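Trainee: Following this message is one structure expressed as structure tokens.
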Amino acid sequence: MTPRPIAAAFVLATATVIGATAAAPAVAAPAAAKDDQATVSVFHAVPGLKVDVFANGKELLPDFEPGTLTDPLKLDAGSYDIKVFKDGEGPDGTPAIEKKVDVPAGANATLVAHLTADGKPALNAFVNDLSKVPAGKARLAVRHVAAAPAVDVRAGGTPVFEGLVNPKEVKGEVDAGTVKADVTLAGTDTVAIGPADLDLAEGTNTVVYAWGSADDKNLALKTQTFKDLHSAPHGVPAGETGENAVNSTGLPGWSLALGGLALAGAVVGGRRLFDSQR
């Protein structure tokens, strides 16, 4: 996909639907963002909704199909009035999602258009944890952005994250290697997604999104991986996701809180970033 203007790629695009998790080779990162910019990737996780996207009153992403993750973009810090319409219904119709999003300078985050647990369109953002990973370890983060109840995440049949609800995130550091992961309904052995093999390479942060709709039986996993996070310097953090290998600049150490949506800890906490409100 050819990148649109920077605000456009920030607003919305859509993540590739995969029934099982896959990761593309990571690539080298570009130079760090300027002090007055942020680095933002966008994942559209609203299945079946073709959209036109408007930012500050201008159409920026027409005819977008579900299933694309944008390349990370360097965005000027500031406020964006985002309106997402069903295809052909904007700008005078009723938007499917309407949010005012503040973009703080220096942030590295993934903005996700997704469904709430009860199936309503929503817009949230998550800080990407680019802090160093101990030798021999990998970081695994799971983000629940599906129209589904609470879930457990298992590795090799053993729960590693339990009771995860939409739109929360959990993470931890695990031994590097390949693990067979699946997602079950919380407290049960009923598999909702997977199993899928996750390649958790040493010195990486692999983010797994559980997305889609349980009622529509299209739940899926999507991965986004940030590499070169070894405790000893091995390069500049880079990101990749699904079928599109992309650049992603890491700016660890930022502590962000925006309006009513507080950042739960510093960037190393890997929690949500933006205050998005009607």
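The values are calculated or read from the model by the stated rules, or taken from the named source; none is laboratory data. Remember, predicted model here, so these are calculated numbers, not experimental data. In this analysis, Cβ positions are derived from the backbone assuming ideal geometry, glycine residues included, and neighbour counts consider all displayed protein chains.
Trainee: Quick one: ARG154 ticks every box in (1) within 23 Å of VAL42 (Cα to Cα); (2) buried (at least 19 other Cβ atoms within 10 Å of the Cβ) except a single one, so which number is it?
Mentor: (1)
Let's see how each residue does on (1) more than 18 Å from the chain's Cα centre (by Cα); (2) surrounded by 15 or more Cβ atoms within 10 Å (Cβ to Cβ); (3) at pLDDT below 90:
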residue: GLY90; (1), (2), (3): yes, yes, yes
residue: ASP102; (1), (2), (3): no, yes, yes
residue: ALA107; (1), (2), (3): no, yes, yes
residue: LEU111; (1), (2), (3): no, yes, yes
residue: LEU115; (1), (2), (3): no, yes, no
residue: LEU123; (1), (2), (3): no, yes, yes
residue: VAL127; (1), (2), (3): no, yes, yes
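Trainee: I want to confirm something. Restricting to segment 37-63 and keeping residues that are within 17 Å of ASN124 (Cα to Cα) and in contact with a helix residue (DSSP H, G or I) (Cβ under 7 Å, 6 or more places away or on another chain), which single residue is surrounded by the most Cβ atoms within 10 Å (Cβ to Cβ)?
Mentor: Among them, the one singled out is VAL53.
Trainee: Specify the residue that is surrounded by the fewest Cβ atoms within 10 Å (Cβ to Cβ); the eligible residues are those in segment 64-83 that are closer than 27 Å to ALA210 by Cβ and more than 18 Å from the chain's Cα centre (by Cα).
Mentor: By that ranking, first place goes to TYR80.
Trainee: Another question, then. Take the residues in segment 203-223 that are in a strand (DSSP E or B), modelled with pLDDT of 95 or more and hydroxyl-bearing (Ser, Thr, Tyr); name whichever of them is surrounded by the fewest Cβ atoms within 10 Å (Cβ to Cβ).
Mentor: Within segment 203-223, the match that is surrounded by the fewest Cβ atoms within 10 Å (Cβ to Cβ) is SER213.
Trainee: Let me spell it out: the conditions are (1) assigned to a loop (DSSP other than H, G, I, E, B); (2) under 30 Å from ALA181 (Cα atoms), and PRO91 meets all of them except one. Which number is the exception?
Mentor: The one condition PRO91 does not meet is (2).
Trainee: Being over 18 Å from ALA138 (Cβ atoms), of a type in the set (A, V, I, L, M, F, W, C) and assigned to a strand (DSSP E or B) is the filter here, so list the residues in segment 175-195 that pass it.
Mentor: VAL183, LEU185, VAL191, ALA192, ILE193
Trainee: Follow-up question, since we're still on this one. Checking LEU200 against (1) in contact with a strand residue (DSSP E or B) (Cβ under 7 Å, 6 or more places away or on another chain); (2) within 24 Å of VAL46 (Cα to Cα); (3) modelled with pLDDT of 50 or more; (4) not acidic (Asp, Glu), which single condition isn't satisfied?
Mentor: Looking at each condition in turn, LEU200 falls short on (2).
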